[in-house]
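To start, the structure itself, in structure tokens.
Laboratory data are not the source of any read-out in this text; all were calculated from the coordinates shown. What you see is a predicted model; the values in this text were computed from it and never measured. No Cβ is skipped: glycine too gets one built from the backbone with ideal geometry, and neighbour counts run over all protein chains shown.
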Amino acid sequence: MVKIETASVAARRVETPGVYEQNVPGMSVMFLFFIVNYVASSILTEKRAGTFRRLMVAPISKPAILAGKLIPNFLMGVIQLTVMFTIGHFVFGMKLGNDLFALALISAAVALAATGLGILVAAVARSEEQIGGLTTLVILTLGALGGTMVPLFVMPDFMQTLARITPHAWALLAYQDVIVRGLGTLQVLPNVTVLLGFAGIFFALALWKFRFE
């Protein structure tokens, strides 16, 4: 009895996604990261307008100032992902699995990572041209490496391992654990934790490099 159950679980865990189970989460994650360009450009515009200099006069900490720029863009990212998955489900018939809370948790974590990366780009770039070039390079490189363009399961083993340096791969694998393999919140918590780690690292680096003057 135990052997049969173990084999069933193992088979479910190696189940590969179909066309929509690959493309809807993959494209959703890739397009989410285009928010990096918007976040960085809007922050650069505010810096040039002197917004940050005025905020520094107020009794507000630097982390709070940057967090204030992060939150609305984070919410926009979550809404974008929700719309994409809703279209995938109702238009293309993609299954959403058995745990919508798990999907929401993954979406929140990856949106936070994308927004944090946008603030980091704003911290290191000095012009619109630099932002455009840097974000294009980062978005396409991370997207291709992270499995949003080519499925991770068709990549060689070393590429699948290398993909783990991207937030894209962790988000995509977590989404597919829910919608393809029927897993739930507890099972995707490690991926969510890694995504939050990416967000924290991006935000900390941005805070370190950001010039508020």
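Before moving on, here are some points about what is shown:
- Using alpha-carbon coordinates, inclination of helix 185-209 to the longest axis of the chain, degrees: 20
- With both labels modelled 7 Å from their Cα along Cα-to-Cβ, the GLU129 to THR141 distance reads 2.0 nm.
- Percent of Cα pairs in region 24-130 per distance bin of 10 Å, from zero to the largest separation: 14, 40, 27, 14, 5, 0.
- Fraction of C-alpha pairs exceeding 17 angstrom in region 148-213: 52 percent, rounded to a whole number.
- Where Rh is the Kirkwood radius over Cα pairs, Rg/Rh for region 115-180: 1.07
- Based on C-alpha pairs under 8 angstrom that are at least 6 apart in sequence, the chain has a relative contact order of 35 percent.
- The angle separating the long axis of helix 128-145 from the principal Cα axis of greatest extent in the chain is about 10 degrees.
- The amide H of PHE33, built 1.01 Å from its N in the peptide plane, has no neighbour under 5 Å, considering only residues 5 or more places off or on other chains.
- Working from the Cα coordinates of the chain, the gyration tensor eigenvalues give, after taking √(5λ), semi-axes of 35, 17, 15 Å in decreasing order.
- In a fully extended conformation the segment linking LYS95 and ALA204 would gain 35.6 nm over its present Cα-Cα distance, using 0.36 nm per residue.
- In degrees, nearest ten, helix 62-90 long axis to first principal axis of the chain (Cα): 30
- Estimated from helices alone, the mean residue ellipticity of the chain at 222 nm is -25500 deg cm²/dmol (sum of -39500 (n - 2.57) over DSSP H runs with n ≥ 4, per residue).
- Residue-wise HN-Hα coupling along region 166-173, computed from phi with Karplus coefficients 6.51, -1.76, 1.60 (Hz; x: Gly, Pro): 10, x, 4, 5, 5, 5, 4, 5
- The HN-Hα couplings worked out from phi for region 20-37 by the Karplus form 6.51 cos²θ - 1.76 cosθ + 1.60 (θ = phi - 60°) are 6, 5, 8, 6, 5, x, x, 5, 4, 5, 5, 5, 4, 6, 5, 5, 4, 5 Hz, whole numbers, x standing for Gly and Pro.
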